[in-house]
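Comments concern the structure below.
The values are calculated or read from the model by the stated rules, or taken from the named source; none is laboratory data. Computed from a predicted model, the values in this text were never measured in an experiment. Note that we place each Cβ from the backbone using ideal geometry, even for glycine, and neighbour counts take in every protein chain shown.
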Amino acid sequence: MLKKKTKKSGNLLILIALLNSLIKIHFIKFRMGSVKKEIPIYLSFERQIKFTIDSWLKYSFKGLIKNNLKALVKLIGLSYKHKGPVVRKNYQEYKKALDAKVFLRYLKK
């Protein structure tokens, strides 16, 4: 996306990492009889950004360590390269949403 020899600012790197790791789908738990199902809903752009930043903070600050800035920077760098736990979670949720599409068609009938 960016040339390797150009100078990159920190804000641009954070913006690209944020766009690479946007969470587009959220699941709502729905009870159907005795079985709990999760229904996927699509998020607006503002909620996508909020969920992504929340997940960055959740993955970077684990345990009793409050100011783990190195872990946050590492997580942003991994998101910039399309790697890391946030991007992996997004892919798993995408696959889960494809499976749930069959369930949504069943509910509409």
Among ILE23, ILE39, the single one that is touching a Ser or Thr at 6+ places or on another chain (Cβ under 6 Å) and β-branched (Val, Ile, Thr) is ILE23
Only one of (1) modelled with pLDDT under 80; (2) within 18 Å of LYS95 (Cβ to Cβ) fails for PHE27. Which number is that? (1)
How about the range 12-57: which of its residues are in a strand (DSSP E or B) and either in contact with an Asp or Glu (Cβ under 6 Å, 6 or more places away or on another chain) or surrounded by 13 or more Cβ atoms within 10 Å (Cβ to Cβ) (or both)? ILE25, HIS26, PHE27, LYS29, LYS37, GLU38, ILE39, PRO40
For the range 90-101, how many residues are within 17 Å of GLN48 (Cβ to Cβ) and either without any contact (Cβ under 8 Å) to a residue 60 or more places away in the chain or not charged (D, E, K, R) (or both)? 5
Within the range 45-59, identify whether any single residue is closer than 13 Å to LEU18 by Cα and either touching a Phe, Trp or Tyr at 6+ places or on another chain (Cβ under 7 Å) or at pLDDT below 80 (or both), and answer yes or no. no
Being more than 12 Å from the chain's Cα centre (by Cα), surrounded by 15 or more Cβ atoms within 10 Å (Cβ to Cβ) and modelled with pLDDT of 80 or more is the requirement here; does LEU78 meet it? yes
I'm trying to understand the selection: among the residues of the range 16-41, which are in contact with a Lys or Arg (Cβ under 7 Å, 6 or more places away or on another chain) and without any contact (Cβ under 8 Å) to a residue 60 or more places away in the chain? LYS29, PHE30, LYS36
